[in-house]
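The values are calculated or read from the model by the stated rules, or taken from the named source; none is laboratory data. Computed from a predicted structure; not experimentally measured. As a convention, Cβ positions derive from the backbone with ideal geometry for all residues, glycine included, and neighbour counts pool all protein chains shown. Accessible surface is based on the protein model in full, side chains and every heavy atom, while ligands, DNA and RNA are left aside. Shrake-Rupley method; radii C 1.70, N 1.55, O 1.52, S 1.80 Å.
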Amino acid sequence: MATETPKKQLQSPRKPKQSLNNLKVQSSPLSISLSPQTPQSLIPPQAPPRRSLRRTSLHFSSTPIEDSIEYEKSDPKTPRKAVEEIGKISGQSRKGQSHEERVKTPKTPKIPKSKRNDENRKTAKLGILGEGMVEAEVTFSSVTPEVLETKKRKRGEDKTVIPRAMATRSSKKKEKKRVYYKKVVYDEGEFDVGDDVYVKRREDASSDDEVPEMEECRVCFRAGRSVMIECDDCLGGFHLKCLKPPLKEVPEGDWVCGFCQAQKLGKYVEFPEPPEGKKRVRTLREKLLASDLWAARIESLWKEVDGSFWFRGRWYMIPEETACGRQPHNLRRELYRTNDCADIEMESIIRHCNVMSPKEYAKANDEGDDVFLCEYEYDIHWHSFKRIAEIDNDEADDEHADSDEDWNSSKEPDSGTDEDMEYEEESTRNAQARLSTAHLAANSRKGHFFGLQKIGTKKIPEHVRCHKQTVLERAKATLLLATLPKSLPCRNKEMEEIMAFVKGAICDDRCLGRCLYIHGVPGTGKTMSVLAVMRNLKSEVDAGSIRPYCFVEVNGLKLASPENIYRVIYEALTGHRVSWKKALQLLNERFSDGKKIGKEDDRPCILLIDELDLLVTRNQSVLYNILDWPTKPHSKLIVIGIANTMDLPEKLLPRISSRMGIQRLCFGPYNYQQLQEIISSRLKGIDAFEKQAVEFASRKVAAISGDARRALEICRRAADIADYRIKKQISTVNSSTGKDIVTMAEVDAAIQEMFQAPHVQVMKSCSKLSKIFLTAMVYELYKTGMGETTFEKLAMTISCLCTSNGEAFPGWDTILKVGCKLGECRIILCEPGDRHRLQKLQLNFPSDDVAFALKDTKDLPWLAKYL
Amino acid sequence: MGREKEKENPSQKALNLLRTRLSNPNFVFKPLSDSPDSNYSKLKFIISSSITEACNNSILLLGPRGSGKVAVLELVLSDLLQQYPEAISVIRLNGLLHGDDNCALKEIARQLCMEHQLLFSKVASFDDNSQFLIAMLRECGLAHKTIIFVLDEFDLFAQAKQRLLYSLLDAMQSVTSQAVVIGVSCRLDVDQLLEKRVRSRFSHRKLLFLPPSKEDTERFLEHILSLPKDSSLPHSYTVEFNGRLKNVLADERFKELINTYLSFNSTIGQLMRFLFQAVSYMDLDVGFLSLENFKTALSSTQRQPKSECIKDCSILELYLLVCMKRLEVKEQNSYNFNSVMTEYKSIHDFQTSDNYAGNVCLRAFEHLLQRELISFTDNRGHNQSVEFRPVKLLISPAELYQGLKSYRSCPAILLKLIAR
């Protein structure tokens, strides 16, 4: 059972360690540094396995942790069983967390105090008393930083520091403070936050110095300047001229060296031995992949009070180190990012390496030897994999925010302002995320979900990696609604207008009554355009040409009730959750009365309300409130409303329409050229569609709705149909000769499927009595000219039809049942069957459809007479 | 005695086997699944392609009741769960149970929590649950897991604001998720019920489930009713059973019989019900299926409840019905007990036969109401007493006439009265 709380298991062996540490501190305060130890300064006598080493580096105790690994495996406790122990456990795990925090600030006397406060508050909130924690902290804060000073090496001449936005704050800063940096130049190398570096595993003096910059050829063992080619299997390098037969140029695609080919065929291969007296030098990459080195990603950088430089590293792992080992489809240069972090001294950095996402990796050509691929994050507790989201979640930013504002701000702990609360929330969130507290419900409150880290594959499924996409599959992937296109064609004018509106509103100091109403039928790119404009603006903010602003996006259909919008807005602005009434009051204070609380409150705020029509209540107060704020002098609020109906402002009360209806922007339905452009811009470079097929689809959609989503879906469905046909052909005929291109026929089939109601087919294949029933309905309609008829009349007609054509009349109740069945499918509309002869019936489709469907029925040729 | 028991054994076993088969949709729909045109392979292709290619899809399964929509879907899902273990989580909702958006979202959250062994909180609000759903979609997408939402009675989800569908489909078009929404409905116009912004986000894949063709039905009958060669049943019995069955199936009378049944309702589900009935009529002493079994089953399915009701009526009740019919002929469209009574009295003015008192007639009248041969015209006036509320005849004059004629001892005068 892999569902217990692993954190607990990880933490449980730590208690003895604590005391052990204590002892050591007392006995030899000089030899044991209380600052987090770098792997380098930690030389265990018996070289424990790598994982445990990492953990020790995290928790600065030199006990070998083989036993902790055992714990990890053997502890059978389920989280629920442990409920009564939660106090203890989470006390411990809290300790684990506080370790990390303490690690960060062991020498700043001010901050630990406030932090302790925070922690106490937190624990109280969770109903847990962390006694062990307090104890532990006493131990640590008793250590003075001066002890360590002696151990620090001389350093600093070759150090230049580029502080990030610290200038304003530096005056406030006290001496004994940890200073965070965005970029550090250290040992002639520049290290940014977010860089990937090699980290020394142990002091290995001999290999340390002679790190080869150039890889050697596997045959002649010289580096040289000439072109080398890399084997995709063993990653060995070869000079082109050393190969047998020599190659003239680097071939396209994959290339596997002769040795690997031979090995694959089962032969015994003898690699060429290096010449006598020359030791083969391994590159850092080889060492890393043989787990003699580590790689980590720098999450934050800081200078300790004593002047030593540290960074917080997030480990990378090679596939061999994961629980399921190397999987057959792992690439040679693949690494996993873990969720395991440690504080490391900058000393142990060897140099940069380059860990890339698959996209970058595919583009990278000659970036050197230190290039790695990382697509997945590995959860060390649950041993599961998860893809790394493309747009990295703002975790890193959070960390910055933490370090930048909260850690360094020298506010007194009892000031009790917003920030403290914010910080507290932040850290509880982080703590809870780390803890994987299984006793909290996954879908419950506080805007954060617990236990989501459990979700992850135990193994990366094979089909993801080994499957090579066909042209059609690539076409399908780009036509997906979820894939964001690189450019948005055909909406330039509208986007410029939105851009001008927003810029005008932000840049002017007087943003009075700014409100934009955007309307248009679904699928015309309204929301997408606004979001694209916002992305552009964000990049401009980053570039510094516009003032920062805050952007809040609300969707009317996703609110439980219209009033909830206040709550959502307030939460987006401040991060606090309050009831909607309270939120309304606070927002009123902020926007109408111009009361600014936080320092970010004077930023302009852009509010995007999608599906605005859903906010219309009976007295329309919600809309009025929201649209009234922008007119207030100090609100700095800009509202962009999106809805489908053109005349929404006119339908509303005049006091609302006067506030909203001034600036409007219409997104007209796309015409066929535009749709064609949208589709073909997505399909650029993929030769899967006939040109006419795309045109046909776009013309059809333009004629019906002009909805881009529809057009994309039709094309995707057409590709799907073609794909299905081809795959079936291959599986039956075993020949892949089918031309894999989407033609008119497939597009037509997709259009039929999307736009045509299937009633004709159902009528064609329904039972005999149903056909007679429908015919009688049509006959009745012609006879009386009235759409509606009653069951009594219809039954009479049916019995007439049956007797005059030699069919047996089945009886009234059977016919009633048949009618109700048809009513269920909505081929006819009918009242419930218990009305019996009074039941009213009506055809749901034009009688021509019925006539068309039943005209040539084989077993009832006489039906045609009555149609 | 012992020998008899032994004899009985195989037929009992065969009966059990047939009944198990008939009530197991997987067995029934399996043989229809191999051809590339079948809904099974199409549906499987769509779902498995969204698993392997990591895309979102939404599909509608349409067709009359009993055409095997859910059965085929379950077949596909069970196959895929075997093929990609751990990569799929199926969330099942039913419009009859979860038509309310709030409750549907809660149920989704519950099932997701169950599936991933997370703790579920009942008190979570709508907002929380919808955010949880979006977060789960994202996380599952990142972990290469597909969530399949099966929405049975889809038409009931497509009502009012359609918040659930909107938030599901909107999440699917904006987040890197892997999800399939499968709507199952017997309403053919269900996509017209969707609100326009929901419809725009829907993929509009449709699979239509139709009743089988005649040839398919024949293959089907043989597939289901013939006993397997390699079973625990004695070989000789199996051979004889199958031989006799073949004779029955080839019989013209049988074909006619099946056609009569199919002309009423030709879906597979109904056919299964019919066969189950027929098989249950099998005589255990004989141990073989015969034409008689099917005949009895057919006659028991084709009942005419209203005309059978007339057979059970008393003479007085028939009088009342005839009176009402006479009132209708006189174009007196609204009548209650009192007006019926005046008509009843007027009949007896010139004919002297069974003339009953008013309170007896009222009893008969109430009985007719209970049998639903007549009903109140409207639901209003519950506080009025029965005599004054207007009623309507629920049986047509033609049926009434038929019923009177086949009544065992119908007074001749009644037939005369109804004709006039």
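Below are the figures for this structure:
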read-out: Count of residues meeting criterion [touching a strand residue (DSSP E or B) at 6+ places or on another chain (Cβ under 6 Å) and in a loop (DSSP other than H, G, I, E, B)] in the stretch A:332-366; value: 2
read-out: Residue satisfying condition, being surrounded by 17 or more Cβ atoms within 10 Å (Cβ to Cβ) and not assigned by the TED database to the domain that holds residue A:714, within set A:683, A:648, A:653; value: A:648
read-out: Residue pairs meeting the criteria (Cβ under 6 Å; at least 6 apart or on separate chains; first in contact (Cβ under 8 Å) with a residue 12 or more places away in the chain, in the stretch A:529-554; second part of a helix (DSSP H, G or I) and among the charged types (D, E, K, R)); value: A:529/A:494; A:546/A:540
read-out: Sole exception among (1) in contact with a helix residue (DSSP H, G or I) (Cβ under 6 Å, 6 or more places away or on another chain); (2) part of a loop (DSSP other than H, G, I, E, B) for residue B:384, by number; value: (1)
read-out: Helices (runs of 4 or more DSSP H) within the stretch B:97-164 that include 1 or more residues facing another protein chain (nearest Cβ under 9 Å) and hydroxyl-bearing (Ser, Thr, Tyr); value: B:126-142
read-out: Elements of type strands (runs of 3 or more DSSP E) in the stretch A:588-706, at least 1 residues being more than 20 Å from residue A:566 (Cα to Cα) and away from every other protein chain (no Cβ under 14 Å); value: A:663-667
read-out: Enumeration of residues in the stretch B:373-408 that are more than 14 Å from residue B:320 (Cα to Cα), within 14 Å of another protein chain (Cβ to nearest Cβ), touching a residue at least 24 places away in the same chain (Cβ under 8 Å) and open to solvent by 20 Å² or more (accessible area, probe 1.4 Å); value: B:377, B:390, B:402, B:406
read-out: Of all residues making up the stretch A:616-642, the number that are more than 23 Å from residue A:604 (Cβ to Cβ) and in contact with a helix residue (DSSP H, G or I) (Cβ under 9 Å, 6 or more places away or on another chain); value: 3
read-out: Within the stretch A:330-356, tally of residues that are surrounded by fewer than 20 Cβ atoms within 10 Å (Cβ to Cβ), closer than 21 Å to residue A:458 by Cα and basic (Lys, Arg); value: 1
read-out: Only one of A:821, A:817, A:768 that is within 21 Å of residue B:192 (Cβ to Cβ) and facing chain B (nearest Cβ under 10 Å); value: A:821
read-out: Selected residue [of a type outside the set (Asp, Glu) and either in contact with a Ser or Thr (Cβ under 6 Å, 6 or more places away or on another chain) or assigned to a loop (DSSP other than H, G, I, E, B) (or both)] from A:546, A:518; value: A:546
read-out: Boolean, residue A:637 is open to solvent by less than 20 Å² (accessible area, probe 1.4 Å), at pLDDT below 85 and not small (Gly, Ala, Ser); value: yes
read-out: Residue under evaluation residue B:14, criteria (1) without any contact (Cβ under 8 Å) to a residue 12 or more places away in the chain; (2) touching a helix residue (DSSP H, G or I) at 6+ places or on another chain (Cβ under 7 Å), criterion not met; value: (1)
read-out: Unmet criterion (only one of (1) open to solvent by less than 60 Å² (accessible area, probe 1.4 Å); (2) within 11 Å of another protein chain (Cβ to nearest Cβ)) for residue B:86; value: (1)
read-out: Within the stretch A:837-865, considering residues that are in a helix (DSSP H, G or I) and touching an Asp or Glu at 6+ places or on another chain (Cβ under 8 Å), the one surrounded by the fewest Cβ atoms within 10 Å (Cβ to Cβ); value: A:864
read-out: Yes/no for residue B:229 being more than 14 Å from chain A (Cβ to nearest Cβ), open to solvent by 10 Å² or more (accessible area, probe 1.4 Å), more than 28 Å from the chain's Cα centre (by Cα) and modelled with pLDDT under 90; value: yes
read-out: For residue B:189: the one exception among (1) at the interface with another protein chain (Cβ under 8 Å from one of its Cβ atoms); (2) surrounded by 18 or more Cβ atoms within 10 Å (Cβ to Cβ); value: (2)
read-out: Selected residue (only one of A:504, A:525, A:513, A:520 is more than 14 Å from chain B (Cβ to nearest Cβ) and at pLDDT 80 or above); value: A:504
read-out: Given (1) open to solvent by less than 20 Å² (accessible area, probe 1.4 Å); (2) within 30 Å of residue A:695 (Cα to Cα); (3) away from chain B (no Cβ under 14 Å), number of the condition residue A:776 does not satisfy; value: (2)
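Okay, residues lined up against (1) away from every other protein chain (no Cβ under 12 Å); (2) part of a helix (DSSP H, G or I); (3) among the basic types (Lys, Arg):
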{"position": "B:29", "(1), (2), (3)": "yes, yes, no"}
{"position": "B:40", "(1), (2), (3)": "yes, yes, no"}
{"position": "B:49", "(1), (2), (3)": "no, yes, no"}
{"position": "B:55", "(1), (2), (3)": "no, no, no"}
{"position": "B:58", "(1), (2), (3)": "no, no, no"}
{"position": "B:61", "(1), (2), (3)": "no, no, no"}
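The rows are residues; the columns are (1) buried (at least 20 other Cβ atoms within 10 Å of the Cβ); (2) within 14 Å of another protein chain (Cβ to nearest Cβ).
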site	(1), (2)
B:266	yes, yes
B:269	no, yes
B:273	no, yes
B:276	no, no
B:280	no, no
B:284	no, no
B:289	yes, no
B:296	no, no
B:300	no, yes
